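Quick notes on the structure that follows.
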Amino acid sequence: MAITTRIVEGVTILDVKSRILTGPGAQEIQFEVRAALQSGDQRILLNMSAVNIIDSDCVGDLVGAFVTAKNRGGQLKLVHLTKSANQVMNTTKLLTVIESFDEETTALKSFFESE
């Protein structure tokens, strides 16, 4: 799996480039989130536009990444969930915990609304 990183308006965007997120791929998300936090990035946005399949390991790793970010004073949000990924996130109630957005510009603005 590949994840590319870009910075837009002070937000670190991790573009997940895999159609299927299982085990090791999900762990890579946690690794990338930790790396961003260690480098001082506090606002992290996961672009999930390429992800069509998410397994239970991935759900757990997303929760872990969210908790890690929160415990270190950061924020983790999601953008561009595909229909199938959105269904998994709704079924597991993960979207009651992690904010998700349809548009990147709206997601970017959300990081600064509470400041």
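Listed here are the helices (runs of 4 or more DSSP H) enclosed by the stretch 37-110 that have at least 1 residues being closer than 16 Å to GLN27 by Cβ: 56-71.
When ILE13 is tested against (1) in contact (Cβ under 8 Å) with a residue 60 or more places away in the chain; (2) part of a loop (DSSP other than H, G, I, E, B), only condition (2) is not met.
Do you know which residues across the stretch 37-51 are under 12 Å from the mean Cα position of the chain (by Cα) and either open to solvent by less than 20 Å² (accessible area, probe 1.4 Å) or β-branched (Val, Ile, Thr) (or both)? Across the stretch 37-51, the qualifying residues are ILE44, LEU45, LEU46, ASN47, MET48, VAL51.
Taking the conditions (1) in contact with a Gly (Cβ under 9 Å, 6 or more places away or on another chain); (2) surrounded by 19 or more Cβ atoms within 10 Å (Cβ to Cβ); (3) at pLDDT below 95 in turn, ASP57 satisfies each one other than (2).
Is it the case that ILE29 is modelled with pLDDT under 90 and either surrounded by 21 or more Cβ atoms within 10 Å (Cβ to Cβ) or assigned to a helix (DSSP H, G or I) (or both)? Considered against the rule, which asks whether it is modelled with pLDDT under 90 and either surrounded by 21 or more Cβ atoms within 10 Å (Cβ to Cβ) or assigned to a helix (DSSP H, G or I) (or both), ILE29 comes out as yes. Looking at the structure I just gave you, is LYS83 over 18 Å from LEU37 (Cβ atoms), open to solvent by 60 Å² or more (accessible area, probe 1.4 Å), of a type in the set (Lys, Arg) and at pLDDT 90 or above? Judged against the criteria, LYS83 is a match.
The values are calculated or read from the model by the stated rules, or taken from the named source; none is laboratory data. Given the structure is predicted, the values throughout are model-derived calculations rather than measurements. A quick note on method: Cβ atoms are made from the backbone with ideal geometry, for glycine too, and the neighbour counts reach across all protein chains shown. For accessibility, only protein heavy atoms count, side chains too; no ligands or nucleic acids. Shrake-Rupley method; radii C 1.70, N 1.55, O 1.52, S 1.80 Å.
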